[in-house]
Amino acid sequence: MTPISQRPIRIGIVAGEASGDLLGAGLMQELKVLYPQATFEGIGGERMLKEGFNTFFQMERLSIMGLVEVLGRLPELLAMRRRIVEHFTANPPDLFLGIDSPDFTIGIELKLRRAGIKTAHYVSPSVWAWRQNRVFKIAKAVDLMLTLLPFEARFYREHNVPVKFVGHPLAEIIPLHPDKVAMRHELGIDASGDVVAVLPGSRGGEVSRLGPTFIETIAWLHQRRPDIRFLIPAANQARRVQIERQLQSHGGRLPVTLIDQHSRECMMAADAILLASGTATLEAMLVKRPMVVAYKLATLSYWIMRRLLKAKYISLPNLLADRVLVPELIQHDATPSKLGGALLKELDVERRRSLEGEFEGLHKLIRQNASVVAAQAIAELIEKGRVEVQGAKEGQ
């Protein structure tokens, strides 16, 4: 890309999580190519700071999970949001961008847009899946929505919200043809024989609900296929301790290797994957491995979710393909025998080859050079705003 303008421009950004910090840093790099004199301020993390970002608060103050935790910090969060709105209202940027964290950022975008500031949002909330009426607030809050996935963009077009599908950054990071043998060597795993990666989740609640079922599935498979080996990546030390306790019920008799972190590497080293629904299903698709997706909630939560959920599928490969590519076993269907039986089918060599081709096509679909495409879309919005301002001045 070549520079659009040497004039100094200011862009406000609020990113609330590590994933948003990564997106923000990549976007800043590309925007600085288009606008060499650009400055950026708001809330960002370490990666954005390395790109010259000026943060008003530590990003970690926004990285809160759980209703009780949010309620406990609500006065602080509201004060932060008020400070951001007041600052950018008094000192209007050329554009304000919220990155993910929709419960925090969309409210800011709404107020700033009402004040005449151009706004965009990067990473769509799951409005296509549930609470679809949120799209009406989003329509009032943003001049442009940037989505990572194509079916999200279709949803916004159907609701007349300006949108640009930019692709998913993970599709740039993960190679089209991951080397399974090399990854096994890196992890110290024997290159021969079938390996199943088991990912019960990264949060304590997920591991509590799915961990015991997944371990019983390992036991079920071990009885029938004692040659299969299993990898379980633990997201952190707390999850490792939790999983070790769950494994104790089998007295260490299962062929399981626990690995600290490195979930993507474990998936690359595997022949098939058993995992909880979530972003990990996209990573499993990008590393081209067959998978069985499971999901369990507390009974009341599941009852509520089932009535709110509008999407046909829960896993991203199925959502992207708009058909069943991978088995999804939800709530009462997520039993050791059903999960184990499904995994045996996924380990079939012909099945693996067939899925590799399907997954490669989807990988290419979302490999769009996201940071570059997003930067170009934002630049177009900035230039449109400049033309509008100039036209308003000439019309006075």
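Values as computed for the structure displayed
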{"read-out": "Accessible area, probe 1.4 Å, largest first, for residues ILE259, ILE228", "value": "ILE259, ILE228"}
{"read-out": "Global form of the range 208-267, assessed from the alpha-carbon gyration tensor, a/c cut-off 1.5", "value": "oblate"}
{"read-out": "Probe 1.4 Å - accessible area at TRP220, Å² to nearest ten", "value": "50"}
{"read-out": "Solvent-accessible surface ranking, highest first, for LEU146, LEU23 at 1.4 angstrom", "value": "LEU23, LEU146"}
{"read-out": "Angle in degrees between helix 336-346 and the longest Cα principal axis of the chain, rounded to the nearest 10", "value": "80"}
{"read-out": "Crossing angle, helix 204-224 versus the chain [Cα axis fit, 0-90 degrees, rounded to tens]", "value": "30"}
{"read-out": "Contour excess over end-to-end distance, with Cα ends at LEU258 and SER301 and 0.36 nm allotted per residue", "value": "12.5 nm"}
{"read-out": "Candidates VAL123, VAL256, VAL196: whichever shows maximal mean-square fluctuation once the chain is modelled as a Gaussian network with Cα springs under 10 Å", "value": "VAL256"}
{"read-out": "Rounded to 10°, Cα long-axis angle of helix 18-34 versus longest principal axis of the chain", "value": "50"}
{"read-out": "Accessible surface of ASP227 - all protein chains present, 1.4 Å probe, nearest 10 Å²", "value": "80"}
{"read-out": "Within-14-Å neighbourhood charge of SER202 [Cβ basis; K, R +1; D, E -1]", "value": "+1"}
{"read-out": "Sequence-distant aspartates and glutamates (8 or more away, or on other chains) whose Cα lies within less than 14 Å of LYS137", "value": "ASP103, GLU109"}
{"read-out": "Accessible-area value, HIS222, 1.4 Å probe, nucleic acids and ligands omitted, Å²", "value": "50"}
{"read-out": "Computed lengthening from LYS384 to ASP103, 0.36 nm per intervening residue step minus Cα-Cα distance", "value": "98.4 nm"}
{"read-out": "Pairwise Lys count, the range 285-375 - Cα closer than 20 Å, eight or more residues apart or different chains", "value": "5"}
{"read-out": "Sequence of GLU328, GLU60, GLU17, GLU186 from largest to smallest accessible area, 1.4 Å probe", "value": "GLU186, GLU60, GLU17, GLU328"}
{"read-out": "Computed lengthening from ALA18 to ARG224, 0.36 nm per intervening residue step minus Cα-Cα distance", "value": "70.0 nm"}
{"read-out": "Residue-normalised accessible area of the range 221-339, expressed per residue, 1.4 Å probe, Å²", "value": "45"}
{"read-out": "Pairwise label distance in nanometres, GLU350 with HIS177, each label 7 Å out on the Cα-Cβ vector", "value": "2.4"}
{"read-out": "Convex hull volume of the range 257-396 per residue (C-alpha atoms, cubic angstrom)", "value": "190"}
{"read-out": "Those lysines that a straight Cα-Cα span of less than 21 Å connects to LYS50, excepting residues fewer than 8 apart in one chain", "value": "LYS32"}
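The values are calculated or read from the model by the stated rules, or taken from the named source; none is laboratory data. Just so you know, these numbers come straight off a predicted model, no measurement behind them. Note: ideal-geometry Cβ built from the backbone for every residue, glycine included; neighbour counts use all protein chains shown. For the accessible areas, the whole protein counts, side chains as well, though only heavy atoms, and no ligand, DNA or RNA atoms are used. Shrake-Rupley method; radii C 1.70, N 1.55, O 1.52, S 1.80 Å.
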